[in-house]
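Please treat every number below as a calculation from the coordinates, not as lab data. Since this is a predicted model, take the numbers as computed values, not measurements. Here Cβ is always computed from backbone atoms with ideal geometry, including for glycine, and neighbour counts include all displayed protein chains.
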Amino acid sequence: MASVTISDMRKSFGKHEVIHGVDIKIADGSFVALVGPSGCGKSTLLRMIAGLEEISAGELRIGERVVNELPSKDRDIAMVFQSYALYPHLTVAENMGFSLSLKKASKAETEERVGYAARTLGLEALLDRKPKQLSGGQRQRVAMGRAIVRDPQVFLFDEPLSNLDAKLRVQMRGEIKALHRRLATTTIYVTHDQVEAMTMADEIVVLRDGRVEQAGQPMDLYDAPANIFVAGFIGSPA
Ligand code: ADP
Ligand code: MG
C-alpha cells in the first residue's frame with residue numbers, strides 16, 4: 001500500500017490543456033471516488049497515474065517516491081477498465097496469470113498468486129473456463145483478479161461497472177468494497193454514478209472541466225456542497 005499525492009498536475013493534448021493543475025492527496029489504504037461528468041478528465045487523470053499517459057506538468061508521488069518518469073510497469077499499480085477485454089482464447093487462470101508471465105514469474109509463484117486471487121473473488125470453480133463461458137459479473141471478477149495477482153500498491157478502477165445491468169452493479173459494488181476491506185489497498189475509483197461514489201468511498205473528489213471543484217467525505221459534500229455544481233452532482237436537495 002502507499003499514499004498517492006498529486007500536485008499541480010496538468011495534461012495537454014497538443015495545445016489543448018484538459019487537466020488544469022489538479023491537487024489530490026490520497027491516504028495510504030483509503031478508497032477515493034473520482035467523480036464528474038463525461039469529458040471532465042477522469043480517465044486522463046487515472047491514465048497519468050497509471051503511467052499510460054505522459055504527465056505534462058506537476059508532480060505525482062506514490063508513497064514518498066516521485067514517479068513522473070517511471071514506466072507504467074514499475075509503478076506498482078493495477079488498473080481495472082470499463083471494457084475488461086479478457087483474452088478470449090485463454091482460460092480464466094491464464095488470463096489472471098498473464099501479466100506474471102510477462103514478468104517471468106515462476107510457475108509455482110504464478111499458481112500461488114492466481115489461486116489466491118481466485119479464492120478472494122470466488123472464482124476457484126471457473127479457472128479452466130474461457131471468457132465466453134462466463135457471465136458479465138464473472139468476467140468483471142476475472143478482470144479484478146488480473147489486478148489482484150499483481151499485488152499492487154494502488155488499484156485504479158475506471159468505471160468498472162458501467163457495462164453491467166443495475167442489479168449486478170449493486171452486487172459488484174459490495175464485492176469491490178469487501179475486497180478493499182480485505183486487502184486495504186489504496187484505491188482510486190472513477191465513476192459518473194453518484195450513488196456508487198456515496199456508498200463506496202471514504203472520500204470523494206469532484207472534477208469539473210479538468211479542475212477539482214471539491215474534495216471531502218461523502219456526507220460533508222452532501223451536507224455542505226461548495227457550489228451548485230457539486231450540489232447537483234452529489235444529489236443534495238440544497
Ligand atoms: P472522462 O473520463 O471524465 O469522460 P477524459 O479523461 O476521457 O474524460 O477526457 C477529458 C478530455 O480530454 C476530453 O475533452 C477529451 O476529449 C480529451 N482527451 C482525452 N484523451 C485524448 C487524446 N488522446 N487526445 C486528445 N484529447 C483527448
Ligand atoms: Mg472516462
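At a Förster distance of 22 Å, what's the computed FRET efficiency of Lys177 paired with Glu109, Cβ-Cβ distance as r, to 0.05?
0.20
Taken over the range 26-127, the alpha-carbon convex hull comes to 156 cubic angstrom per residue. Loop-resident trypsin sites (Lys or Arg not before Pro) (DSSP state other than H, G, I, E or B) in the range 3-74 with no more than 11 further Cβ atoms inside 10 Å of their Cβ: Lys15.
Each label was represented as a point 7 Å from its Cα along the Cα-to-Cβ direction; for Lys132 and His192 these points are 3.1 nm apart. The overall shape of the range 38-189, judged from the alpha-carbon gyration tensor, is oblate: a/c is not under 1.5, and a/b is no greater than b/c.
Take the Cα pairs of the range 1-49, get the Kirkwood Rh, then feed it into Stokes-Einstein at 37 °C and 0.692 mPa s and tell me D in µm²/s.
Value of D from the Cα-based Kirkwood radius: 278 µm²/s.
Per residue, the convex hull around the alpha carbon atoms of the range 105-238 comes to 127 Å³.
Mean 1/r over all different Cα pairs, inverted: what Kirkwood radius does the range 94-170 give, in Å?
Taking every pair of different Cα atoms in the range 94-170, averaging 1/r and inverting gives 13.1 Å.
With R₀ fixed at 35 Å, the C-beta to C-beta distance from Gln217 to Asp151 puts the FRET efficiency at about 0.80.
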